[in-house]
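Report on one structure; see the data block that follows.
What follows draws every value from the coordinates through simple rules; no lab data is involved. No experiment lies behind these values; they were computed from the predicted model shown. Reconstructed Cβ throughout: ideal geometry from the backbone, glycine too, with neighbour counts over all protein chains shown.
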Amino acid sequence: MDIPGLHKENMQGTYKYAILTVSTSRYGKYGSVDRPERAEDASGKLIWGMIQVQGSEVVHYELIPDDMEIIRVALKKCMYSDADVIIFTGGTGLSPADVTIESVTPYIEKEIPGFGELFRQKSTEQIGNAVMLTRAIAGVARQKAIFCLPGSPNAVKLGLELVLPEMGHIIKHIKGQ
């Protein structure tokens, strides 16, 4: 099977994912839950579904508030787990409560600036100049790919459409294979 633009590394392999949804309001209403359906988390549910469609596995899901220390504890837990990829959704905007980027950045060993650049470029087609309000980033820590996406389902869908087809290639490079 030959798909244009798809690296051969991506033709096989499944990966383990951790999903961390950052939302103080949702956390206040539902508390700590282990499935997105238990918190009416449309973005988390979308991430989970897109991962399963590609044949990979979600090994961890967590709903957490916009709190720097709680975000860092959750990140560290995932960094030392068997997850290959950690996906955050939420807390990437400009409001004072949005601290996902500030919480995650100190742990990034290598940035993947092309992800944020491409995400913003593609987002312009959907939301126009408002794209400048997103601080979506990606990086590597402890041989794990980390993606910080906005909380909206449309942003999540776009972000995953960009990275999932390249995940084999990304993981190969991260692991030095």
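At a glance:
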item	result
Members of segment 80-100 found to be of a type in the set (A, V, I, L, M) and buried (at least 17 other Cβ atoms within 10 Å of the Cβ), listed by number	Ala83, Val85, Ile86, Ile87, Val99
Given (1) in a loop (DSSP other than H, G, I, E, B); (2) touching a Lys or Arg at 6+ places or on another chain (Cβ under 6 Å), index of the condition Gly91 fails	(2)
Conditions (1) within 14 Å of Cys148 (Cα to Cα); (2) touching a residue at least 12 places away in the same chain (Cβ under 8 Å); number of the one not met by Glu117	(2)
Total residues in segment 21-34, condition surrounded by 14 or more Cβ atoms within 10 Å (Cβ to Cβ) and either without any contact (Cβ under 8 Å) to a residue 60 or more places away in the chain or under 11 Å from Val58 (Cα atoms) (or both)	4
Residues (more than 12 Å from the chain's Cα centre (by Cα), part of a loop (DSSP other than H, G, I, E, B) and under 19 Å from Tyr17 (Cα atoms)) located in segment 110-141	Ile112
Residue within segment 57-73 that is in a helix (DSSP H, G or I), under 15 Å from Cys148 (Cα atoms) and of a type in the set (A, V, I, L, M, F, W, C) present	yes
First in segment 140-160 and at positive phi, second anywhere and surrounded by fewer than 24 Cβ atoms within 10 Å (Cβ to Cβ) and not in a strand (DSSP E or B), Cβ under 8 Å, 6 or more apart	Arg142/Met79; Arg142/Tyr80; Arg142/Glu109; Gln143/Ile174; Gln143/Lys175
Given (1) of a type outside the set (S, T, N, Q); (2) touching a Ser or Thr at 6+ places or on another chain (Cβ under 9 Å); (3) not in a loop (DSSP other than H, G, I, E, B), number of the condition Lys77 does not satisfy	(2)
